[in-house]
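The values are calculated or read from the model by the stated rules, or taken from the named source; none is laboratory data. Bear in mind that the values here come from a model prediction, so they are computed numbers and not experimental data. Methodologically, a virtual Cβ is constructed for each residue, glycine included, from the backbone with ideal geometry; neighbour enumeration extends over all protein chains shown. Side chains are part of the model used for accessible areas, which takes the heavy atoms of the whole protein and leaves out ligands, DNA and RNA. Shrake-Rupley method; radii C 1.70, N 1.55, O 1.52, S 1.80 Å.
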Amino acid sequence: MTFGEQPAYLRVASDLREKIVNGSLPPHTRLPSQARIREEYGVSDTVALEARKVLMAEGLVEGRSGSGTYVRERPVPRRIARSGYRPTTGTNPFRQEQAADGARGTWESSSEQERATVETAARLGIAPGDAVMRTRYVFRDAGESMMLSTSWEPLAITGRTPVMLPEEGPLGGCGVVERMAAIDVVVDNVVEEVGARPGLAEELLELGGVPGHVVVVVERTYYASGRAVETADVVVPADRYRVAYHLPVR
């Protein structure tokens, strides 16, 4: 096989990718060995290794200890529905992050006071080092971890109130809008910025991904009269879920 100016390892990866996509290498099939790739494409061991690394980074193949590299099952992406609309009552953390009417799921959470980092402070409009309540969530659907969320709330707003701990007290688990309303803070706006990045090791461990997998990150901030009252990072595995928005037309 003659290669052009494109690096040889990318040409090899592209050809193998095409075989995976068109079914010539179906799921659970062992990827050709490094020696086989070297022979078939006339490349060095280094090129063969780098091509395999590309496919692993793309999530198309996975290594199995002592066995080799295999084509991964390609999941059919499911939708996580989000909406600018939030009901004033009856919301829970799962429904806050997953707006579809039929969505059902469970969650685990833990809250801890900490000092705001520079980034968190900028998002909340407070000074670095100010006290915040950080709450981490793991959301599950049918027992499968599907979404992670880390939220921060300024204790200058919620400190020494019944809603200081998002998942405890009389309004524990009711969602940001309802909890803030209980202390006369009226949430009137929410901003979400959507991006993507490689998942962190601890995120992929929880979500069942492999190193190099991409996650979708939604940076969400709730506001009351222009003042940020909560900000959160919502993390979703990009190969298994799509984030869909349902926005009201006014």
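Observations, loosely collected:
- Rounded Å value of the spacing that divides the Cα centres of the range 134-174 and the range 17-87: 37
- Sulfur and carbon atoms: percent of accessible area, the chain [1.4 Å]: 52
- The range 130-176: C-alpha gyration tensor shape, a/c 1.5 cut-off, then a/b vs b/c: oblate
- Ranking Val194, Leu10, Val138 by Cα position along the charge dipole of the chain, where only Lys, Arg, Asp and Glu carry charges on their C-beta atoms, puts Leu10 farthest toward the positive end.
- In this calculation the C-beta distance from Ala122 to His246 is compared with R0 = 35 Å, giving a FRET efficiency of 0.75.
- Rounded to the nearest 0.05, the FRET efficiency derived from the C-beta distance between Asp233 and Arg78 at R0 = 22 Å is 0.60.
- Helix 45-57 axis, angle to the chain major axis (alpha carbon atoms, nearest 10°): 30
- A helix-only calculation puts the chain at -7000 deg cm²/dmol for mean residue ellipticity at 222 nm, using -39500 (n - 2.57) for each DSSP H run of at least four residues, averaged over all residues.
- Each 10 Å bin, from zero up to the one with the longest distance, holds this percent of the alpha carbon pairs of the range 131-240: 14, 41, 29, 15, 1.
- With respect to the chain, whose longest principal axis is taken over its alpha-carbon atoms, helix 8-21 is tilted by about 70°.
- Value of relative contact order over the chain, rounded to a whole percent, pairs C-alpha under 8 Å and six or more apart: 18
- Burial order of peptide ranges 115-125, 177-187 (average beta-carbon count within 10 Å, highest first): 177-187, 115-125
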